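Below is one structure, written out as structure tokens; comments come after it.
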Amino acid sequence: MTDSQANGPEPIRRESNQPKPTRPDSGPPEPTRPERSREPAEAHEPNPEKDLAAQNLPGQRGEHGEEIRVQRGMFGANKGGDTTGYGGLVRSIRLPGAATRPYGGYFDEVADELEGALEEQGLLPGNAIEKTVVDRGELTFHIAREHLPLVARTLRDDPALRFELCLGVSGVHYPGDTGRELHAVYHLRSITHGRRLRLEVSAPDRDPHIPSLVAVYPTNDWHEREAYDFFGIVFDGHPALTRIMMPDDWQGHPQRKDYPLGGIPVEYKGAQIPAPDQRRSYS
């Protein structure tokens with residue numbers, strides 16, 4: 001029998017909460033780190049990236065740009081009562097305004113070359129280019145519609161520009177943009193120089209005519225037909241401007257903002273179901 005067995009089990013030793021004494025040769029104690037402030041950094045200094053991000057949100061331009069209407073509610077519906085819970089929202093719908101020099105990057109070079117090429121052909125740039133917009137990293141020339149073919153051909157053929165590829169045309173309808181409700185937007189690409197830009201042309205609802213660019217960019221053939229079908233933009237000079245999706249005798253243009261949302265009534269198992277905008281009333 002050992003001494004430990006004769007004296008019974010050793011008592012459990014608990015660590016003391018008292019700090020252990022430091023050895024004389026252990027060196028100076030480690031310096032204490034100051035506590036970090038829990039207040040956000042923006043409380044002390046401005047954050048330009050946050051301000052820039054706020055401006056880059058879709059439709060959020062603050063007081064910048066050109067106001068075309070004030071939207072109430074989330075989805076812009078104005079018939080019947082609100083059932084979404086967003087009826088109290090009020091926001092300004094703005095289009096980006098004209099940019100000022102310098103535009104940045106290659107944008108200034110493209111603008112200079114285009115203006116110089118137009119002057120060489122006897123056209124004042126201010127008569128063809130209504131405004132230049134730099135927004136969300138894109139360069140857009142707003143072109144007077146009567147000068148669109150000349151500007152497009154210049155962008156394609158001038159050696160310093162060489163925008164050989166047009167990716168198509170998209171239609172947009174802004175009922176609140178009085179006198180220029182219909183917009184046609186062209187995305188151009190320079191394969192030679194690795195650049196891109198946008199052309200934008202507007203026309204009023206009462207005169208929805210814009211010159212066709214099929215002669216300059218043949219791939220625009222079906223794109224112009226689609227914009228005509230859905231928005232009612234008439235592309236003068238198109239070789240065969242007919243509807244591409246809707247029946248030939250269809251009334252109206254479905255993607256215009258003034259087009260009825262309900263479509264057509266549907267008959268299902270003998271019951272007549274009215275168009276959605278006529279099914280119920282909350283007023």
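Brief remarks follow.
- Scanning the range 94-129 for residues that are hydroxyl-bearing (Ser, Thr, Tyr) and surrounded by 11 or more Cβ atoms within 10 Å (Cβ to Cβ) returns Tyr103, Tyr106.
- Only one of the numbered conditions (1) closer than 22 Å to Asp221 by Cα; (2) in contact with an Asp or Glu (Cβ under 9 Å, 6 or more places away or on another chain); (3) among the β-branched types (Val, Ile, Thr) is violated by Val151, and that is (2).
- In the range 197-249, the qualifying residues are those that are of a type in the set (Ser, Thr, Tyr) and outside any loop (DSSP other than H, G, I, E, B), and the one that is least open to solvent (accessible area, probe 1.4 Å) is Ser202.
- Leading residue by the ranking (farthest from Glu66 (Cα to Cα)) among those in the range 130-165 that are within 26 Å of the chain's Cα centre (by Cα), open to solvent by 20 Å² or more (accessible area, probe 1.4 Å) and among the aliphatic types (A, V, I, L, M): Leu165
- The criterion of at least 2 residues that are without any contact (Cβ under 8 Å) to a residue 12 or more places away in the chain and of a type in the set (S, T, N, Q) is met by none of the helices (runs of 4 or more DSSP H) falling completely within the range 98-161.
- Thr154 being out of contact with any strand residue (DSSP E or B) (no Cβ under 9 Å at 6 or more places or on another chain) and either farther than 27 Å from Asp108 by Cβ or among the polar types (S, T, N, Q) (or both): yes
- Qualifying residue in the range 73-93 (condition: closer than 25 Å to Tyr259 by Cβ, open to solvent by 80 Å² or more (accessible area, probe 1.4 Å), of a type outside the set (A, V, I, L, M) and in contact with a strand residue (DSSP E or B) (Cβ under 7 Å, 6 or more places away or on another chain)): yes
- Considering (1) at pLDDT 95 or above; (2) within 27 Å of Phe235 (Cβ to Cβ), the lone condition that Gly116 does not fulfil carries the number (2).
The values are calculated or read from the model by the stated rules, or taken from the named source; none is laboratory data. Model, not experiment: these values are computed from the prediction. Backbone-built Cβ (ideal geometry, glycine too); neighbour counts: all protein chains shown. These accessible areas exclude ligands, DNA and RNA; they are computed on the full protein's heavy atoms, side chains included. Shrake-Rupley method; radii C 1.70, N 1.55, O 1.52, S 1.80 Å.
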